[in-house]
Structures are given as C-alpha cells and as structure tokens.
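The values are calculated or read from the model by the stated rules, or taken from the named source; none is laboratory data. From a predicted model like this one, the values you see are computed outputs, not experimental measurements. Please note: Cβ atoms are built from the backbone with ideal geometry, for glycine as well, and neighbour counts cover all protein chains shown.
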Amino acid sequence: MDNRYNRYNRRKYSLKVHIVLVTKYRKQILKGFIADDVKQKIYDICNSKGYGIIAMETDKDHIHFLISYDTTDRVCDMVKLIKLQTTYYLWQKYPNFLSKQYWKKKIFWSDGYFACSIGEVSSSTIQKYIESQG
C-alpha cells in the first residue's frame, strides 16, 4: 500500500504547504521562551484542526513550517487561524514585554505571509506526464 497519500471517502491526496510568517517590523523577538511558546502553540492549533506538522523552526524574526492538510482546508484560513491564536496567546502570556515592542496595538505578525505548495515530484515531471497523455 502507498503511504505517501492520504485517503478519505473517495479522495486520495497529498497536500503539503511551506509557510513563513514574519514578525511585525521584523522585530527579532522569536528567541528563547517566546520561540518555544510559538512553536508549541502552532503544534496545538494544528493538532486540534487535523493538520500535520512535518517540520518547523524559528529564526529571530520569522518562522518556517511545513504542514500537511486536508482537501477541505484553505491555506489562507490556516494562516489566519494560526496568526490570530498565536498573537492572542503571546499577548496573554507576555503583555509587558510585547507592549514595549508594539506600543500601539496588540499585534505580533506582519500582515502578509509566504506559502508554497510542495509535492512528491517536480512540476516538470508532472508537465511531461500530462503532455504524454492521449
């Protein structure tokens, strides 16, 4: 049996996305306990929603993670949920520290994000396969 793919009802799929979130103003605050707490909170969110964390790591001002997800999920909704819940959680846990970094409102992440879908084969391989049909 091929374990590369998930199966549910009549669906067979393998959806994975590489996401990068950046702290607002590129503040270098993803260190120590804050980095650990962000990663743990993202693990918790993903577990509760059925997303699979394949890899995750922080740098001083951004975080990369690779997650697998279901065909009924949208990347923009996953990012929105993760950004909202991690921001709320961090402001609950570190209000004094964060209010010195972001003095106007309770923010943590920049407005945008990077997302890139990944697959098991290259796009050129898929293109050649499609062109060879018929």
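Annotation: of all residues in the stretch 44-77 being over 12 Å from the mean Cα position of the chain (by Cα) and small (Gly, Ala, Ser), the one that is nearest to PRO95 (Cα to Cα) is SER48.
The residue list TYR69, TYR89 contains one member that is more than 23 Å from ASN3 (Cβ to Cβ), surrounded by 15 or more Cβ atoms within 10 Å (Cβ to Cβ) and in contact with a helix residue (DSSP H, G or I) (Cβ under 8 Å, 6 or more places away or on another chain), which is TYR89.
Only one of the listed residues (LYS80, LYS104, LYS27) is of a type outside the set (Asp, Glu), more than 17 Å from the chain's Cα centre (by Cα) and either surrounded by fewer than 13 Cβ atoms within 10 Å (Cβ to Cβ) or modelled with pLDDT under 95 (or both). That residue is LYS104. The single condition among (1) over 16 Å from the mean Cα position of the chain (by Cα); (2) of a type in the set (D, E, K, R); (3) within 28 Å of TYR13 (Cα to Cα); (4) at pLDDT 95 or above that GLU131 does not satisfy is (4).
Scan the stretch 107-134 for residues that are exposed (fewer than 10 other Cβ atoms within 10 Å of the Cβ) and either in contact with a helix residue (DSSP H, G or I) (Cβ under 7 Å, 6 or more places away or on another chain) or not in a loop (DSSP other than H, G, I, E, B) (or both) and jot them down. Hits for the stretch 107-134 are SER117, SER123, SER124, ILE130, GLU131.
Of the residues making up the stretch 77-107, those that are of a type in the set (D, E, K, R), touching a residue at least 12 places away in the same chain (Cβ under 8 Å) and over 16 Å from ASP61 (Cα atoms) are LYS93, LYS106. Over 11 Å from the mean Cα position of the chain (by Cα), surrounded by 12 or more Cβ atoms within 10 Å (Cβ to Cβ) and more than 18 Å from LEU81 (Cβ to Cβ): is that true of LYS41 in this structure? No. Residues in the stretch 85-106 that are of a type in the set (Ser, Thr, Tyr) and either closer than 13 Å to ILE29 by Cβ or not in a helix (DSSP H, G or I) (or both): THR86, THR87, TYR94, SER99, TYR102.
Of the listed requirements (1) within 16 Å of GLY32 (Cβ to Cβ); (2) of a type in the set (A, V, I, L, M, F, W, C); (3) assigned to a helix (DSSP H, G or I), ILE82 misses just one: (1). In the stretch 44-66, of all residues being in contact with a helix residue (DSSP H, G or I) (Cβ under 6 Å, 6 or more places away or on another chain) and surrounded by 18 or more Cβ atoms within 10 Å (Cβ to Cβ), the one that is modelled with the lowest pLDDT corresponds to THR58.
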